[in-house]
Amino acid sequence: MLNFAAMIGKEIDTAIHFLEQGDLVALPTETVYGLAGNALNDHAILKIYSVKNRPAFDPLIIHTSAVDRIHEYTLEFPEPLRVLARSFMPGPLTLLLPRKTIIPDLITSGMPRVAVRIPNHPTVQQILSRLDFPVAAPSANPFGYISPTTAYHVEQQLGTKIPYILDGGPCKIGVESTIIGMEHNRVVVYRQGGLAIESVEALIGSVSIKPHSTSNPAAPGMLKSHYAPSIQVVQEQPHILLKQYNPSRIGLLRFQNKHDGINPQHQIVLSPMGNVNEAARNLFAALRYLDQLDVDIIGVELVPNHGLGRAINDRLQRAAAPKK
Ligand code: TXA
Ligand code: MG
């Protein structure tokens with residue numbers, strides 16, 4: 001593996017230069033930071049899998065600058081998805097569409113659909129509009145770990161493996177995009193994310209949310225144990241944890257208030273005002289903070305299950321799922 005001295009900067013031209021050379025750069029988006037490479041270049045794609053240590057059965061999202069470029073990579077655009085694209089792109093929405101053969105098998109893990117997203121971040125918009133190829137970008141974290149929401153998070157884990165990290169500030173949404181496709185003329189949500197299901201349903205009526213299985217992930221990457229810190233995470237009330245652990249060995253992720261009787265430094269509150277959007281923005285940084293504490297267990301509390309709260313609860317439940 002090549003060793004780079006991590007360079008963090010704000011130079012759009014530098015990012016473009018590396019991408020055009022077939023190298024990888026970390027790019028900010030409004031959801032999470034992505035590990036970006038030329039989606040039409042097999043060497044760049046293989047680097048992404050290798051830097052992330054990601055299994056090849058887990059396909060990648062391609063990113064482009066505008067809805068009217070999507071047809072370059074896809075065969076059809078079913079009407080309900082077109083309606084969603086018109087309202088929510090650019091934004092935290094990824095659509096699964098039948099792919100053209102220009103999209104390499106490595107991108108889709110050989111599957112017939114390709115995942116397409118248009119990020120809503122001014123810097124990345126500029127970069128994508130200047131490139132004549134789409135950019136593949138999974139979240140810029142080692143496979144199975146917490147997604148990064150700052151340039152510093154990326155540097156901590158991938159800093160020696162990529163030549164450039166473009167700093168676009170902290171991510172404004174903080175959870176990954178909502179992934180939507182169609183099956184048998186029904187709109188299906190494969191991953192709950194930064195676009196609330198309520199907003200989707202207000203526009204196109206009710207949608208199915210597809211349960212995924214660990215053994216055969218339908219939206220692969222939707223593996224049960226995902227987003228997992230190194231310290232064990234449990235979805236358990238503090239008073240139960242206090243029966244099993246020394247108070248000094250417990251970390252807590254809370255929604256609105258800290259819990260008495262546990263070191264306040266070992267607790268993170270996601271949103272004192274009880275706002276699920278604010279909680280989403282703080283979620284992954286909070287999990288990272290708790291994961292570097294000297295504690296034995298992290299207890300997490302679910303948040304209200306509406307809006308982005310549903311994506312937060314999905315991530316928390318995966319973080320707490322037993323690792324295989
Ligand atoms: O917000 C996001 O979507 C971020 C930013 C960087 O754009 N990207 C992201 O990528 O979260 P990643 O690779 O960490 O997660 C993408 C998910 C994976 O779980 C993958 O299985 C699913 O999208 N996916 C990609 N292509 C697919 C396809 N053709 N069919 C089914 N699922 C697909
Ligand atoms: Mg990811």
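Among the residues of region 122-145, is there at least one that is among the hydroxyl-bearing types (Ser, Thr, Tyr), touching a Leu at 6+ places or on another chain (Cβ under 8 Å) and open to solvent by 10 Å² or more (accessible area, probe 1.4 Å)?
Quick first cut of region 122-145, residues among the hydroxyl-bearing types (Ser, Thr, Tyr) only: 123, 129, 139, 145.
With the extra rule that they be touching a Leu at 6+ places or on another chain (Cβ under 8 Å), the set shrinks to 123, 139.
So of that shortlist, the ones also open to solvent by 10 Å² or more (accessible area, probe 1.4 Å) come out as 123, 139.
Within region 122-145, one or more residues are among the hydroxyl-bearing types (Ser, Thr, Tyr), touching a Leu at 6+ places or on another chain (Cβ under 8 Å) and open to solvent by 10 Å² or more (accessible area, probe 1.4 Å).
Quick one: is Ala66 assigned by TED's automatic domain parsing to the domain that holds Leu166, hydrophobic (A, V, I, L, M, F, W, C) and more than 15 Å from ligand 1 (Cβ to nearest atom)? It would help to see each step written out before you state the result.
Numbers: assigned by TED's automatic domain parsing to the domain that holds Leu166: yes; hydrophobic (A, V, I, L, M, F, W, C): yes; more than 15 Å from ligand 1 (Cβ to nearest atom): yes.
Judged against the criteria, Ala66 is a match.
For region 109-215, list the helices (runs of 4 or more DSSP H) that sit wholly inside it and hold at least 2 residues that are of a type in the set (Ser, Thr, Tyr); which are they? Even if it seems obvious, please write down each step before you answer.
Numbers: elements: 122-130, 151-158, 197-204.
Output list reads 122-130.
Test Arg99 against the criterion of being open to solvent by less than 70 Å² (accessible area, probe 1.4 Å) and within 16 Å of ligand 2 (Cβ to nearest atom), and give yes or no. Please lay out each step first, then the result.
Details: open to solvent by less than 70 Å² (accessible area, probe 1.4 Å): yes; within 16 Å of ligand 2 (Cβ to nearest atom): no.
So Arg99 does not fit the description; no.
Taking the condition basic (Lys, Arg) and more than 15 Å from Leu60 (Cβ to Cβ), does Arg99 pass? Full working, then the answer.
On the way: basic (Lys, Arg): yes; more than 15 Å from Leu60 (Cβ to Cβ): no.
In short, no.
I'd like to verify a number: residues in region 186-231 that are of a type in the set (S, T, N, Q), modelled with pLDDT of 95 or more and over 24 Å from Asn277 (Cβ atoms), how many? Full working, then the answer.
The first filter runs over region 186-231 and keeps only residues of a type in the set (S, T, N, Q), leaving 192, 199, 206, 208, 213-216, 225, 230.
Of the ones still in play, those that are also modelled with pLDDT of 95 or more are 192, 199, 206, 208.
This time we only want the ones that are over 24 Å from Asn277 (Cβ atoms), so: 208.
Residues flagged as of a type in the set (S, T, N, Q), modelled with pLDDT of 95 or more and over 24 Å from Asn277 (Cβ atoms) within region 186-231 amount to 1.
Can you find even one residue in region 76-83 that is among the basic types (Lys, Arg) and modelled with pLDDT of 95 or more?
Of the residues in region 76-83, the ones among the basic types (Lys, Arg) are 82.
Filter once more, so that each one left must be modelled with pLDDT of 95 or more: 82.
There is at least one residue in region 76-83 that is among the basic types (Lys, Arg) and modelled with pLDDT of 95 or more.
Can you run down the residue pairs with Cβ atoms below 9 Å, 6 or more apart or on separate chains, where the first is in region 125-138 and touching a residue at least 40 places away in the same chain (Cβ under 8 Å) and the partner is open to solvent by 70 Å² or more (accessible area, probe 1.4 Å) and more than 16 Å from ligand 2 (Cβ to nearest atom)?
Leu131/Glu20; Phe133/Glu20; Pro134/Glu72
Looking at region 121-155, which of its residues are small (Gly, Ala, Ser) and more than 13 Å from ligand 1 (Cβ to nearest atom)?
Here is the first cut: in region 121-155, the ones small (Gly, Ala, Ser) are 129, 136-137, 139-140, 144, 147, 151.
Those that are small (Gly, Ala, Ser) and more than 13 Å from ligand 1 (Cβ to nearest atom): Ser129, Ala151.
I need the full set of residues from region 168-178 which are surrounded by 19 or more Cβ atoms within 10 Å (Cβ to Cβ) and out of contact with any Leu (no Cβ under 7 Å at 6 or more places or on another chain), in order please. Show your work before the answer.
The first filter runs over region 168-178 and keeps only residues surrounded by 19 or more Cβ atoms within 10 Å (Cβ to Cβ), leaving 168, 171, 173-178.
Answer for region 168-178, where residues must be surrounded by 19 or more Cβ atoms within 10 Å (Cβ to Cβ) and out of contact with any Leu (no Cβ under 7 Å at 6 or more places or on another chain): Gly168, Cys171, Ile173, Glu176.
When you look at Asn38, is it touching a residue at least 40 places away in the same chain (Cβ under 8 Å) and out of contact with any strand residue (DSSP E or B) (no Cβ under 9 Å at 6 or more places or on another chain), yes or no? It would help to see each step written out before you state the result.
Numbers: touching a residue at least 40 places away in the same chain (Cβ under 8 Å): yes; out of contact with any strand residue (DSSP E or B) (no Cβ under 9 Å at 6 or more places or on another chain): no.
Considered against the rule, which asks whether it is touching a residue at least 40 places away in the same chain (Cβ under 8 Å) and out of contact with any strand residue (DSSP E or B) (no Cβ under 9 Å at 6 or more places or on another chain), Asn38 comes out as no.
Just the residues that are more than 21 Å from Leu131 (Cβ to Cβ) and in contact (Cβ under 8 Å) with a residue 12 or more places away in the chain, please, taken from region 70-91. Working first, answer last.
Taking region 70-91 as the starting set, the residues that turn out to be more than 21 Å from Leu131 (Cβ to Cβ) are 75-84, 86-88.
Leu75, Glu76, Phe77, Pro78, Pro80, Leu81, Val83, Leu84, Arg86, Ser87, Phe88, listed by residue number.
Note down all Cβ pairs under 8 Å where the first residue falls in region 56-69 and is open to solvent by 40 Å² or more (accessible area, probe 1.4 Å), the second is hydroxyl-bearing (Ser, Thr, Tyr) and assigned to a loop (DSSP other than H, G, I, E, B), and they're at least six residues apart or on different chains.
Short answer, once both residue conditions are applied: Ala56/Ser109; Phe57/Ser109.
Please pick out the residue among Pro90, Pro119, Pro112 that is open to solvent by less than 40 Å² (accessible area, probe 1.4 Å) and modelled with pLDDT of 95 or more. Spell out the reasoning first.
On the way: Pro90 fails: open to solvent by less than 40 Å² (accessible area, probe 1.4 Å); Pro112 fails: open to solvent by less than 40 Å² (accessible area, probe 1.4 Å).
Only one candidate passes the filter, namely Pro119.
Anything in region 259-292 that is buried (at least 16 other Cβ atoms within 10 Å of the Cβ) and outside any helix (DSSP H, G or I)? List them, or say none.
Hits for region 259-292 are His259, Ile262, Gln267, Ile268, Val269, Leu270, Ser271, Asn275.
Restricting attention to region 232-250, which residues are touching a Gly at 6+ places or on another chain (Cβ under 7 Å) and either in a helix (DSSP H, G or I) or open to solvent by less than 50 Å² (accessible area, probe 1.4 Å) (or both)?
Let us first name the residues in region 232-250 that are touching a Gly at 6+ places or on another chain (Cβ under 7 Å), namely 234, 236, 238, 241-242, 247, 250.
Correct list: Val234, Pro238, Leu241, Leu242, Pro247, Ile250.
The values are calculated or read from the model by the stated rules, or taken from the named source; none is laboratory data. Since this is a predicted model, take the numbers as computed values, not measurements. Note that we place each Cβ from the backbone using ideal geometry, even for glycine, and neighbour counts take in every protein chain shown. Note: accessible area is taken over every heavy atom of the protein model, side chains too, but ligands, DNA and RNA are not part of it. Shrake-Rupley method; radii C 1.70, N 1.55, O 1.52, S 1.80 Å.
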